[in-house]
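Only one structure is covered here, and it is reproduced in the block below.
The values are calculated or read from the model by the stated rules, or taken from the named source; none is laboratory data. Here the structure is a predicted model, which is why all the values come from computation and not from measurement. Counting neighbours? That spans all protein chains shown, and the Cβs are built from the backbone with ideal geometry, glycine included. For the accessible areas, the whole protein counts, side chains as well, though only heavy atoms, and no ligand, DNA or RNA atoms are used. Shrake-Rupley method; radii C 1.70, N 1.55, O 1.52, S 1.80 Å.
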Protein chains: 2
Amino acid sequence: RLLIHPSPIKVYDQENFQGKCLEFTSACQNIMECSVDNIRSLKVECGAWAGYEHSSFCGQQFVLERGEYPYWESWSGSNAYHIERMMSFRPICSAFVLLCTQNHKESKMVLFERENFLGHQWEINDDYPSLQAMGWGNNEIGSMQVESGSWVCYQFPGYRGYQYILECDRHGGEYKHYREWGSHAQSFQVQSLRRIQH
Amino acid sequence: RLLIHPSPIKVYDQENFQGKCLEFTSACQNIMECSVDNIRSLKVECGAWAGYEHSSFCGQQFVLERGEYPYWESWSGSNAYHIERMMSFRPICSAFVLLCTQNHKESKMVLFERENFLGHQWEINDDYPSLQAMGWGNNEIGSMQVESGSWVCYQFPGYRGYQYILECDRHGGEYKHYREWGSHAQSFQVQSLRRIQH
């Protein structure tokens, strides 16, 4: 089922959907090339997207599912540093083009206690607002293998703190050290984790 | 299955689990009565808890599932105002005393388009990081009826923004206007919603 939405993401250069509005159907590597200095609000009309602090998909990551985001805090969540910037974004798993080909109920990944896919392992296919409540031994994950689907991990329980977006079709789904989770990752700390909704 | 953990919640008056530590097995209505001026970090060892900005369970609400919360942003999420205070807390559904009597898979609630349980309705029993992605028509919910379990709603998609804790055994599970969601609620805006993990 091929379904292309006319404008799956709309970004604005002012808060509350004010100012200059740009509509995108695919990735934007640097919003400044569109003569916009920063994104200050946005609406996702279709699919799931990854937003980034810097151009070229670098820096802090923000998972963006369908809905309205009127200001920076509405997508950033609780983070250790508040640099109010979002300079690039891209669709996750081409979700907006091929809706329904990937059922998020079929998402699967394996958590490993230690880096390089070593130590105790646990296969998951559900959302976990608290990994420790479900029996994971500590507040860290050493490495992760994404078998299918796209996922977002968080530093703190209840989907708070830094966001790390993990996908089966990037890095071959292999994230063997926190350095591979994103340039903003500073430790192995992960306390909640869920599938991304397309 | 009756299971009482020796100290289901530990709170500290300094960040990073430093300073004076107090252990609780039940609700605390005012942390200042324990000679502590504020809670600056905490560990949930068992069950799920609700934290509050003010004494007597008033003000902003914070859902606290098992795990470690080293500073205010780690439990507050992204909120419109940053008053770094948590003065009272209580267990949710006595979760830490009667573990396993309430399976969160059996949680159920009904969303209504308009206040006072009017308009289009939708029964749910799953987590929704984006209600609009699943077909809800707009970025608001008029009223909610919790049939079973305990839930947390959020202002923005992806479990961000203000948190509203809703339980079947409080208010008879009826939340017929945003004023009943909590004293910090200022609008009907709800864009994501999930079950609380015990």
Looking only at region B:155-185, which residues are among the basic types (Lys, Arg) and in contact (Cβ under 8 Å) with a residue 40 or more places away in the chain? B:Arg160, B:Lys176
Mind listing whichever residues of region B:172-198 are of a type in the set (S, T, N, Q) and within 14 Å of chain A (Cβ to nearest Cβ)? B:Gln186, B:Ser187, B:Gln189, B:Gln191, B:Ser192, B:Gln197
Can you name the residue in region B:137-153 that is without any contact (Cβ under 8 Å) to a residue 40 or more places away in the chain and closer than 21 Å to B:Arg179 by Cβ and is also farthest from the other protein chains (Cβ to nearest Cβ) among such residues? B:Gln145
Within region B:134-159, work out how many residues are open to solvent by less than 30 Å² (accessible area, probe 1.4 Å) and either more than 13 Å from B:Glu113 (Cβ to Cβ) or in a strand (DSSP E or B) (or both). 14
I need the strands (runs of 3 or more DSSP E) fully contained in region B:5-78, keeping only those with at least 2 residues that are within 12 Å of chain A (Cβ to nearest Cβ) and touching a strand residue (DSSP E or B) at 6+ places or on another chain (Cβ under 9 Å). B:41-44, B:49-54, B:58-64, B:67-69
Is one or more of the residues making up region A:71-89 crowded, with 19+ Cβ neighbours inside 10 Å, within 15 Å of the chain's Cα centre (by Cα), modelled with pLDDT of 95 or more and of a type in the set (Gly, Ala, Ser)? yes
Residues located in region A:166-176, provided they are in a strand (DSSP E or B) and open to solvent by 10 Å² or more (accessible area, probe 1.4 Å): A:Glu174
